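Every read-out reported here was derived from the displayed coordinates using simple, explicitly stated rules and does not represent laboratory data. This structure is a prediction, so every number in the text was calculated from the model and none was measured. Cβ coordinates were reconstructed from backbone atoms using ideal geometry, including for glycine residues, and neighbour counts include every protein chain displayed.
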Amino acid sequence: MNVTTNLEGTKLTVSAEGKLGTTSAPALEKAVRTNLNGVTELIFDFEKLDYLASAGLRVILFS
């Protein structure tokens, strides 16, 4: 899975590509948590995501 972040002012967009499962969920969580400081709008772009497991959903729900 590839994760990219784009911070524009207080808006953070996190994009994921590939499969978001148990082994890749920590990478998504790290990308979100390291960039949340001062963010008021968080957008997840999963247009290129092929698979989403419950571990990925947990990251989304707790972000």
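Some values worked out for this structure:
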| quantity | calculated |
| --- | --- |
| Cleavage-rule hits, chymotrypsin sites (Phe, Trp or Tyr not before Pro), the chain, DSSP coil, Cβ neighbours within 10 Å at most 10 | Phe62 |
| The chain - convex hull of the alpha-carbon atoms, volume per residue in Å³ | 67 Å³ |
| Dipole magnitude of segment 18-63 about its Cα centre (Cβ charges: Lys, Arg +1; Asp, Glu -1), debye to nearest 20 | 200 debye |
| Calculated FRET value between Leu52 and Asn6, using beta carbons and R₀ = 25 Å, to 0.05 | 0.80 |
| Dipole-positive endmost among Thr34, Phe44, Leu12 within segment 2-61 (Cβ charges, Cα centre) | Thr34 |
